[in-house]
Amino acid sequence: TRRNLQFLLQYGPARGVWPVATIDPGGCAELTNWAGLFHTHIFGAIRDRLLADRLSGGNGQSIARLVAGIQFALRSRSGWLKFWTPAIE
């Protein structure tokens with residue numbers, strides 16, 4: 001199963017399959033090998049500054065300031081790209 005999952009994470013997007021997973025930031029320490037297989041990491045608010053620094057590669061201040069539940073960020077070549085979830089009424 002692990003070999004199949006690793007194959008899916010590594011080669012799925014090139015074949016039109018985009019795996020999506022959510023992870024509790026506190027549990028990421030055990031999953032660093034797997035998290036590295038995802039090419040795009042979307043972050044929500046992480047209040048623990050040290051954890052935010054570790055997960056973001058040293059610039060956790062951008063993540064710590066996100067509004068929990070409605071604001072997210074991902075790292076792009078030009079810096080952090082922040083976005084809001086749309087309001088659905």
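Which of the peptides 41-48, 6-13 is most tightly packed, and how do the rest follow, going by the mean number of other Cβ atoms within 10 Å of each residue?
Values: 41-48: 15.9, 6-13: 13.2.
Output ranking for 41-48, 6-13: 41-48, 6-13.
Grab the Cα-Cα distance for THR1 and ALA68, subtract it from 0.36 nm times how many residues apart they are, and report the gain in nm with one decimal. All intermediate terms of the calculation are to be shown ahead of the outcome.
Numbers: separation 67, 0.36 × 67 = 24.12 nm, distance 3.36 nm.
This chain segment gains 20.8 nm when fully extended.
Show that you can apply the helix-only estimate: for the chain, add -39,500 (n - 2.57) for every DSSP H stretch of four or more residues, divide by all residues, and state [θ] at 222 nm to the nearest 500.
Working: 4 runs with 26 residues, N = 89.
Dividing the helical sum by the residues of the chain leaves -7000 deg cm²/dmol.
About the Cα centre of the chain, what is the dipole size in debye to 20, counting +1 per Lys and Arg Cβ and -1 per Asp and Glu Cβ, all else neutral?
Values: 10 positive and 5 negative charges, 56 e Å.
Magnitude of the dipole: close to 280 debye.
Once Rh for the chain is found with the Kirkwood sum over Cα pairs, what is the Stokes-Einstein diffusion coefficient at 10 °C and 1.306 mPa s, in µm²/s?
Values: Rh = 14.3 Å.
For these conditions, the coefficient is 111 µm²/s.
Picking from GLY58, THR85, ILE46, whose Cα lies most toward the positive end of the charge dipole for region 39-89 (charges on Cβ: Lys, Arg +1; Asp, Glu -1)?
Going by the Cα projections, it comes out as GLY58.
Count the net charge of all other residues whose Cβ sits under 15 Å from the Cβ of ASP48, scoring Lys and Arg as +1 and Asp and Glu as -1. Intermediate values should be presented prior to the final figure.
Details: positive: ARG47, ARG49, ARG54, ARG65; negative: ASP24, ASP53.
Result for the neighbourhood of ASP48: +2.
Read-outs throughout are calculated quantities, based only on the coordinates presented, and are distinct from any laboratory measurement. Remember, predicted model here, so these are calculated numbers, not experimental data. Cβ sites come from the backbone with ideal geometry, for glycine too, and all protein chains shown count toward neighbours.
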